[in-house]
Amino acid sequence: MKPQHFVILAILAAVSTVLAITSYAANNTWSPGSVSGARMLPTLSSNAATIAAIELRQGAKILTVEKADGGAWRLKERGGYPVAADKVRALMVSLAEADLVEAKTRVADRYGLIDLEDPTAAGAKSRSVRLLDAKGAVVAEAVVGKKRSDAFGFGKAGTYVRKPGEAQTWLANADLDVSPDLKDWVKTDVFQTDSAKVSRVTVEVAGEQPLKIERNADKKLTVAGIPQGQKLKDEGTADSITRAAALIDFDDVRKQTSSPAPKDVSTVKLETDSKLNVTLNVRKDGDAQWLSVVAAGDGDAKKTADEITGRTAGWEYKISANKADSLLKRRSDLFEKVADDKEKEKEKKP
């Protein structure tokens, strides 16, 4: 090989190496050495066993997860509604392992750019998390802001944080999910079954004649007792009401402290092929609709009913206005007059 050819090949090889390194660095900015730093909450790991409550806040919204007797976690503001232990564990671990990797702004007027403004202010996007012991003393706390996806390489997000009372903000090497939203702590499904296995639905709106939906010999859901001379406005009515009853989720939850008067309650009764019977009791409280559940059954259906009762007994669930409208159909809203021959002729004329 001629000397000049060797030199050219060497140069090309060097350029290729530089390009490869540059490309790798651009797409893999994370490495164990580059993200190490001081622990965000250095005492949390050693004091984890003393944590008795987690207080989460964003603006006026506050959610407190408390440890109850026996070690179970509950929502203080929701009458002690249960929280999955794995959600608490995941938050604790992510907070304990978060490192302060990269210093950011110290200027308070710029906090809002990374969602680290005062978390108690109206409309704040920042969230605060405080970990408290059994006496209410603060064990650890932080203000958590905007996430930065791929901050430390592909799939390795970081989160902007700061410590209360300190001006310095940081990019932490953790994907921190700190939320005071109920849906992020509990499963929001109250009741769910396969609508294709529902054999009967009865809707009883206060002051109204019951509306009955049954599955006929052809396995098709039909509305029973359609008044003479009338028809359904929508042929899919039976299916839509059944689907609505077969899947109930909630926006909020509270302890059921009293039983409302029957005149104030509308009910949706659902029966499945397996003879599981579920009654959804709905009552209006102000502008909101609240629902409670009663379940019963025999054989295999009893096992399902007992599971539903174990989760829902003693609780009321706030359902959306759309869900309430889908369930509580008034007969006058469903039927229309069947046009006679004279009316049909009039409709045909221009």
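A dipole drawn for the chain from +1 and -1 charges on Cβ atoms has a positive end, and of Ala68, Ser326, Ala49 the residue lying farthest that way is Ser326. Expressed as an acute angle from 0 to 90° and rounded to the nearest 10, what is the orientation of the C-alpha long axis of helix 85-97 relative to the principal long axis of the chain? On a 0 to 90 degree scale, this one is about 20. Taking 15 Å as the straight-line reach from the Cα of Lys219, the aspartates and glutamates in range (excluding those fewer than 8 positions away in the same chain) are Asp194, Asp239, Glu271, Asp273. In a simple Cβ point-charge model (Lys, Arg +1; Asp, Glu -1; nothing else charged), region 189-337 has a dipole of about 340 debye relative to its Cα centre. Find me the longest stretch of the chain that has none of the exposed GluC sites (Glu not before Pro), where exposed means in a DSSP loop (not H, G, I, E or B) with at most 16 other Cβ atoms within 10 Å. In short, 1-165.
For region 38-184, the convex hull drawn through the C-alpha positions has a volume of 113 cubic angstrom per residue. Taking the Cα centre of region 103-199 as origin and assigning +1 to Lys and Arg Cβ atoms and -1 to Asp and Glu Cβ atoms, the resulting dipole is close to 220 debye.
Lys and Arg at +1, Asp and Glu at -1: add these up for the other residues within a Cβ distance under 9 Å of Ser94 and post the number. In short, -3. Evaluated with a Cβ-only charge set (Lys, Arg +1; Asp, Glu -1), the chain carries a dipole of roughly 260 debye about its Cα centre, given to the nearest 20. Helix 237-246 and the longest principal axis of the C-alpha atoms of the chain enclose an angle of approximately 50°. Please give the helix 300-312 orientation as an angle from the longest Cα principal axis of the chain, in degrees from 0 to 90, rounded to the nearest 10. The helix 300-312 is inclined about 60 degrees to the chain.
Report the Cα centroid-to-centroid distance between region 271-289 and region 117-171 in angstrom, as an integer. Cα centroid to Cα centroid, the span is 41 Å.
Length, then width, then depth: along the principal axes, the Cα atoms of the chain run 100, 70, 47 Å.
Listed values for region 39-51 are Karplus-derived 3J(HN,Hα) couplings in whole Hz (6.51 cos²θ - 1.76 cosθ + 1.60, θ = phi - 60°), namely 4, 5, 10, x, 9, 5, 4, 6, 10, 4, 5, 8, 5, and x replaces Gly and Pro.
Any read-out appearing in this document is the output of simple, stated calculations on the displayed coordinates, not a laboratory observation. Just so you know, these numbers come straight off a predicted model, no measurement behind them. A quick note on method: Cβ atoms are made from the backbone with ideal geometry, for glycine too, and the neighbour counts reach across all protein chains shown.
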